[in-house]
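**Q** Got a structure here, written out as structure tokens. Questions coming.
Since every read-out is calculated from the coordinates, none of them should be taken as a lab result. In this text, all values refer to a predicted model and were calculated from it rather than measured experimentally. Glycine gets a Cβ as well: all are built from the backbone with ideal geometry, and neighbour counts include every protein chain shown.
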Amino acid sequence: GPVREFQIDPYIILDDDLKYFYDDVRYLLKSGTSQPELDTIASYYFDGQGKALRPMVTMLMAKAINYHLNNESHQLVHKQRQIALFSEMVHSASLVHDDVIDQSDFRRGKPSVNALWNHKKVTMAGDYILSIASIMIARLRSDDVTIVLSQILTDLVQGEFMQLGSRETENERFAHYLTKTYRKTASLIANALKATAVIAQADDNVAEVAFQYGRNIGLAFQLVDDMLDFVSSTEQMGKPTAADLKLGLATAPVLFACEKMSIGYASKVASRRRNDDVFMVPAVKYPELNPMVMRRFSEPGDVERAFELVHKSHGLEQTRFLAKKHCNEAIRLAQELTESPYQKGLQVVADLVINRMK
Ligand code: FPP
Ligand code: MG
Ligand code: MG
């Protein structure tokens, strides 16, 4: 595969940008309200226990672009950091709402917000985080950045809505899943990264590299998340696993397990081709999953049976393979920027995403 730069730790090279990151979020939330309880609920997930993946990738891309453009001014980095703050705040706001929708009682290794406060207050706290994040972006006084970042909000809402209760035919399912995954996860990273290019007045090509890098990393991240839901433990993840089937959701591992054809590994000879080549091969398939997917695993025994079939199938392997393809594409895109520690860090992130255990 491509040369990896294992000696670079993105969290270390970004220490100056990330050190007081959660303190800054908590300060923003505290100073925006006269309601202490609203602040308490809104601040609850900003305890520094998250992976801070979004701000880390956002700042890496920002600094890789600044190096590429030969403009490393402090004012510019400061503005880009507001975009990183926005990405983490919107992400957390969506998790606050998500835990209400999913009635989940555990996240980041502790009781979730809705396990501690009632749904009405929790919903308002999510809205409050969004409102504070919006004011911060308005203060950047860049219409272009506001438009790019607002797209994240409409995508998040639509991605979540797509997941709520639609019933697609067998043929529509995978496309529906990928669109949903883009909107609910990848759009946030893609558009936050694009915004760091826009605020730096980069040309459209650079903005597109930032966007596509983020889109690929985001898709890979969610594919791995959907895989870990089947193979990881609650202790490891800090949130309930084996949860998607119980919520009625058919994610990539299930869709691959019941599909007629699947993507497969390249043979020894074929692997001499570009490493993002994907082709279809026959795989172990379980069409009996189809009716279960249609009824959203609602009958007794569906969840257990589907779980077992996914593990017997090649669904998990194929999900990982698709995630790997997106990580390789992200690495290729990062290489279009001028070489720098940050540009190398972007390639390390792709490895972190595919190899993450939690
Ligand atoms: C986590 O997914 C949820 C999301 C990535 C997005 C949820 C979006 C909303 C609730 C729409 C609200 C939008 C805004 C702008 C606040 P998951 O349930 O699959 O993951 P989990 O296992 O971490 O709960
Ligand atoms: Mg959810
Ligand atoms: Mg959830």
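**Q** Subtracting the Cα-Cα distance from 0.36 nm times the residue separation, let me have the gained length for THR234 to HIS78 in nm, one decimal.
**A** Here the answer is 52.5 nm.
**Q** Right, here's the next one. So for THR234, THR58, fewest C-beta neighbours within 10 Å to most, what's the order?
**A** In increasing order of surrounding Cβ atoms, one gets THR234, THR58.
**Q** Any chance you could run the full-extension gain for SER34 through GLU339? It's 0.36 nm times the residue separation minus the Cα-Cα distance, nm to one decimal.
**A** Result for the pair: 105.1 nm of gain on full extension.
**Q** With a cut-off of 8 Å between alpha carbons and a minimum separation of six or more residues, what is the relative contact order of the chain in percent?
**A** Reported relative contact order: 21 percent.
**Q** Which value in deg cm²/dmol, rounded to the nearest 500, describes the helix-derived mean residue ellipticity at 222 nm for the chain, given -39,500 (n - 2.57) per DSSP H run of n ≥ 4 and division by the residue count?
**A** So the calculated ellipticity at 222 nm is -21000 deg cm²/dmol.
**Q** Quick one: net charge around VAL90, please, counting Lys, Arg +1 and Asp, Glu -1 for every other residue with C-beta under 14 Å from its C-beta.
**A** Cβ neighbours under 14 Å give a net charge of -2.
**Q** Among ILE217, ILE152, ILE65, rank each residue by its count of other Cβ atoms within 10 Å, from fewest to most, as a rough exposure measure.
**A** In order of increasing Cβ crowding within 10 Å: ILE152, ILE65, ILE217.
**Q** Using only alpha-carbon positions, what ratio does the radius of gyration of the range 311-357 give when scaled by 2.2 N^0.38 Å?
**A** 1.37
**Q** Restricting to DSSP loop positions (anything but H, G, I, E, B) with no more than 16 other Cβ atoms inside 10 Å of their own Cβ, which GluC sites (Glu not before Pro) remain in the range 285-346?
**A** GLU288, GLU336, GLU339
**Q** Assuming R0 = 22 Å, what is the FRET efficiency of GLN103 and GLU304, from their Cβ-Cβ distance, to the nearest 0.05?
**A** 0.65
**Q** Also, I was wondering about something else. Which helices pass in the chain if a helix is a full DSSP H run, must span at least 30 angstrom along its long axis by Cα, and must have mean Kyte-Doolittle hydropathy not below -1.0?
**A** 74-102, 143-165, 204-231
**Q** Could you check the simple spin-label distance between ASN70 and GLU172, using points 7 Å along Cα→Cβ, in nm with one decimal?
**A** 5.3 nm
**Q** With r defined as the distance between the Cβ atoms of ASP203 and ARG139 and R0 fixed at 22 Å, what FRET efficiency is calculated, to the nearest 0.05?
**A** Step by step, r from the Cβ atoms, then E = 0.30.
**Q** Using a 10 Å cut-off around each Cβ, can you sort MET59, MET162 from fewest to most neighbouring Cβ atoms?
**A** MET162, MET59
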